[in-house]
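Encoded as structure tokens, the structure appears first; notes follow it.
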Protein chains: 2
Amino acid sequence: MRTLCPALANKTYFNYGGQGPLPTPSLQAINSSWQRIQELGPFTNDVWPFIEQETARVRQALAALCGVGSHRLALTENVTSGCVLPLWGLPWDGGDQLLISDCEHPGVVAACQELARRERLEIRWLPVLELCRTHDQNALAAAVLASLEQALTAQTRLVVLSHLLWNSGSVMPIAAVAARLKQQPNQPWLLVDAAQSMGSIPVEEAAADIYAFTGHKWCCGPEGLGGVALSQRLLEQAQPTLIGWRSLRHEASAASSFHSDARRFEVATSCVPLCSGLATSLELLEAEGTPAQRLEQIQSGSRRLWQGLQTIEGVKTLLPEPPPAGLVSFTLAGLSSAAVVERLGEQGLWIRRLDDPDCLRACTHITTTEAEIDELLEALSALA
Amino acid sequence: MRTLCPALANKTYFNYGGQGPLPTPSLQAINSSWQRIQELGPFTNDVWPFIEQETARVRQALAALCGVGSHRLALTENVTSGCVLPLWGLPWDGGDQLLISDCEHPGVVAACQELARRERLEIRWLPVLELCRTHDQNALAAAVLASLEQALTAQTRLVVLSHLLWNSGSVMPIAAVAARLKQQPNQPWLLVDAAQSMGSIPVEEAAADIYAFTGHKWCCGPEGLGGVALSQRLLEQAQPTLIGWRSLRHEASAASSFHSDARRFEVATSCVPLCSGLATSLELLEAEGTPAQRLEQIQSGSRRLWQGLQTIEGVKTLLPEPPPAGLVSFTLAGLSSAAVVERLGEQGLWIRRLDDPDCLRACTHITTTEAEIDELLEALSALA
């Protein structure tokens, strides 16, 4: 896989959580797809079977990863669309509470705030960041569930929680949270931002009403294509909001109803060649091992990095133990995080900074080598 | 231009209103863009200037075509997103009326119906189809304005009207409609579906609150990228709905406000290489002449087709005169429209059918040759 990615050839790359590298076979698949569309179409009877084939191929692959049937998987442009679109069409009542973890991405938070403003809902916060700092992964699940227990009220209608937190790199106990929510009298919806989990940890067991991800991070697909796995009850109760020809059962008629499956949340013309590219990236990843095997490889890299960071004066990792996946967050005393990113970048070493909490984040993927990790550690030592 | 499009090399193509052919230089630009992103990034400080450059390039080109400043142009995935997203965040009051022409695309109609359901608005219809059948283009503008006059009420809050009707192929007097709406006490919003007008007729004068289009039809760009030109008052009064990092003034913070310019309606990660492709297609079109010069070329083709259709027994054109742009709609007695499309397709001749009204539609673009038109006319004569 590593040798197939031109992005990794001329730099030392640790930003998989921002965007994954695009393997050359995936770019070639995108190209071939476009050429085939031009050859058959673009808009002819002859082209539709090809478009259906490429769309179905990626939909099936993504659905299988999420452990749901294809009919529950909608293709989206990005993780935000997947998180937010199904949300707007849920049946809200004024006074309903949205319980949002304090580690969610600002985009999703802002969308929830705007939803709350228009529908007169109330935002509550679920504290998890501090728990991540102070608990090892074994104890963390119980601590998060206890935090949830305290925060839940009879008015809670939605819980928003990432599967793999983008800032601390901790894994949240999504299956247990889902089970707990089912016991609430009004069974709140569960929205899971899977931007960091999809492609980096097994996600098959992560039952949620909305499980939204992108293909361009850990799955190493092209930017501009993601998906969302939806629960059956959401498909039955949520109306689409951004409605176009792909949402409609019969394209030709607005009076026809919406698709009853996940396509009701798809919109209109999107870029089909991206489907060919993402499907290829998923095949390349699969050839490297099962999700569990790949996670072990990712963990072996993040463990090496986390352990190395403990030996550098002035460096403090966010987590008290080696991370459960590939995100390694830390601070370095004496230099602003922006300055660290810049100084490392000058050496061709790429990590990123985060605002909340203000920290640095380096990611290891299955393509990361021990030599790269050691190079990063040396460069950080030199800066410290 | 024609020789640059592989799609036109192996078929006789008349479906520009469905999708335009992608010129090889545009596909090459998409590829180069992806390669450059991998070389610089994908997610590094070094890549952002390139991404900003490619995004700004297409935004400026599209804004210039629409006669607005770049700050009023949002990039979208497709024409539906451009039509519908700004709509949801407008300040609605129960009982407001949406006045929709009877020639709008089912996707936009269905979105308006869902908006009406949730916000308790009322849908009214603006009859224009029958006017298109019975008036020549000179008389049509006055007839549409008279129809508008009759349909407007004190409760009308939005008018939905395409610039170039996708079914009849008539041009609507958007500037005059906009001027008339300004005289209403409550100045209703004007939403214009520009799916067929952008890239086929000059659109610089078409002032609207929402002027939404795609790059993949008459502009011959890649599928998956479009845009919407927004009025200043809309930017000031409409809140975004599908909110992600690109909508936020400061990506890092949900508490920061939204962008005050059109970016407030952009969402999250999308496919930047598509920007490079569409910018290239727009440059190729520009090299062929001004929008007005290209329209003359388009009209010369559609006129030849329309005139030829008059001579075929059993064929009836929708319009009583040669079309004002490139869409030529007609019926052929004795065969279902689906059967006609299929039979022509077997000969490598591609037109499409429409449901409402049930008819056939063939399009001429600047790439259409007289020989192609004559070939279509002969094939239709043989079928008739």
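The values are calculated or read from the model by the stated rules, or taken from the named source; none is laboratory data. Since this is a predicted model, take the numbers as computed values, not measurements. Using ideal geometry, Cβ is built from the backbone for each residue, glycine included, and neighbour counts are taken over all protein chains shown. Ligands, DNA and RNA are stripped out before the accessible areas are found, and what is left, the full protein with its side chains, is counted by its heavy atoms. Shrake-Rupley method; radii C 1.70, N 1.55, O 1.52, S 1.80 Å.
This table checks each residue for (1) within 14 Å of chain A (Cβ to nearest Cβ); (2) touching a helix residue (DSSP H, G or I) at 6+ places or on another chain (Cβ under 6 Å); (3) within 30 Å of A:N78 (Cα to Cα).
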residue: B:L282; (1), (2), (3): no, yes, yes
residue: B:Q297; (1), (2), (3): no, no, no
residue: B:I312; (1), (2), (3): no, yes, no
residue: B:K316; (1), (2), (3): no, no, no
residue: B:V341; (1), (2), (3): yes, no, no
residue: B:E378; (1), (2), (3): no, no, no
residue: B:S381; (1), (2), (3): no, no, no
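Among the numbered conditions (1) within 29 Å of A:V84 (Cα to Cα); (2) crowded, with 18+ Cβ neighbours inside 10 Å; (3) without any contact (Cβ under 8 Å) to a residue 60 or more places away in the chain, tell me where A:L27 comes up short.
Status for A:L27: all satisfied but (3).
Can you tell me which residue in region B:82-95 is nearest to the other protein chains (Cβ to nearest Cβ), limited to those that are in a helix (DSSP H, G or I) and open to solvent by less than 10 Å² (accessible area, probe 1.4 Å)? Spell out how you get there, then give the answer.
Quick first cut of region B:82-95, residues in a helix (DSSP H, G or I) only: B:82-88.
Okay, now just the ones that are also open to solvent by less than 10 Å² (accessible area, probe 1.4 Å), so B:82-84, B:86-87.
Values: B:G82: 10, B:C83: 9, B:V84: 6, B:P86: 11, B:L87: 10 Å.
Among them, the one singled out is B:V84.
For region B:338-347, check the following and say yes or no: at least one residue is touching a Phe, Trp or Tyr at 6+ places or on another chain (Cβ under 6 Å) and modelled with pLDDT of 95 or more. Please lay out each step first, then the result.
Of all residues in region B:338-347, those touching a Phe, Trp or Tyr at 6+ places or on another chain (Cβ under 6 Å) come to none.
No, that holds for no residue.
Could you tell me which numbered condition A:F43 fails, if it satisfies all but one of (1) at pLDDT below 95; (2) closer than 30 Å to A:L349 by Cα; (3) open to solvent by 10 Å² or more (accessible area, probe 1.4 Å)?
Evaluating A:F43 over (1) at pLDDT below 95; (2) closer than 30 Å to A:L349 by Cα; (3) open to solvent by 10 Å² or more (accessible area, probe 1.4 Å) leaves (2) as the failure.
So for region A:66-77 (the condition being touching an Asp or Glu at 6+ places or on another chain (Cβ under 9 Å), in contact (Cβ under 8 Å) with a residue 40 or more places away in the chain and facing chain B (nearest Cβ under 10 Å)), does at least one residue qualify?
Yes, region A:66-77 contains a residue that is touching an Asp or Glu at 6+ places or on another chain (Cβ under 9 Å), in contact (Cβ under 8 Å) with a residue 40 or more places away in the chain and facing chain B (nearest Cβ under 10 Å).
Say we look at region A:174-198 and pick out the residues that are open to solvent by 20 Å² or more (accessible area, probe 1.4 Å) and in a loop (DSSP other than H, G, I, E, B); which of these is farthest from A:L22 (Cα to Cα)?
Taking region A:174-198 as the starting set, the residues that turn out to be open to solvent by 20 Å² or more (accessible area, probe 1.4 Å) are A:175-176, A:179-180, A:182-187.
Then drop every residue that is not in a loop (DSSP other than H, G, I, E, B), which leaves A:184-187.
On the way: A:Q184: 43, A:P185: 46, A:N186: 43, A:Q187: 40 Å.
Among those residues, the one meeting the criterion is A:P185.
When region A:8-50 is examined, which residues are found to be of a type in the set (A, V, I, L, M) and more than 10 Å from every other protein chain (Cβ to nearest Cβ)? Don't jump to the end; show me each part of the working.
Within region A:8-50, the subset of a type in the set (A, V, I, L, M) is A:8-9, A:22, A:27, A:29-30, A:37, A:40, A:47.
Once the filter is applied, which keeps residues that are of a type in the set (A, V, I, L, M) and more than 10 Å from every other protein chain (Cβ to nearest Cβ), region A:8-50 yields only A:A29.
Within region A:110-164, track down each residue that is touching a Leu at 6+ places or on another chain (Cβ under 9 Å), aliphatic (A, V, I, L, M) and assigned to a loop (DSSP other than H, G, I, E, B).
A:L121, A:V128, A:L152, A:L161
Given the structure, is A:L98 in a strand (DSSP E or B) and modelled with pLDDT of 95 or more? Quick ask: steps written out before the conclusion?
Working: in a strand (DSSP E or B): yes; modelled with pLDDT of 95 or more: yes.
In short, yes.
If I filter region B:114-149 down to residues being β-branched (V, I, T) and touching a strand residue (DSSP E or B) at 6+ places or on another chain (Cβ under 9 Å), which single residue comes out as surrounded by the fewest Cβ atoms within 10 Å (Cβ to Cβ)?
B:I123
Restricting to region A:51-65, count the residues that are within 12 Å of chain B (Cβ to nearest Cβ) and free of Cβ contacts under 8 Å to residues at least 40 places away in the same chain.
Summing the residues that are within 12 Å of chain B (Cβ to nearest Cβ) and free of Cβ contacts under 8 Å to residues at least 40 places away in the same chain in region A:51-65 gives 0.
Residue by residue, here is whether (1) in contact with a Lys or Arg (Cβ under 7 Å, 6 or more places away or on another chain); (2) within 14 Å of chain B (Cβ to nearest Cβ); (3) under 23 Å from B:W88 (Cα atoms); (4) of a type outside the set (S, T, Y) holds:
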{"residue": "A:A208", "(1), (2), (3), (4)": "no, no, no, yes"}
{"residue": "A:K217", "(1), (2), (3), (4)": "no, yes, no, yes"}
{"residue": "A:P240", "(1), (2), (3), (4)": "yes, yes, yes, yes"}
{"residue": "A:R249", "(1), (2), (3), (4)": "no, yes, yes, yes"}
{"residue": "A:A254", "(1), (2), (3), (4)": "no, yes, yes, yes"}
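Could you figure out which of (1) touching a Leu at 6+ places or on another chain (Cβ under 9 Å); (2) buried (at least 19 other Cβ atoms within 10 Å of the Cβ) isn't true of B:H105?
(1)
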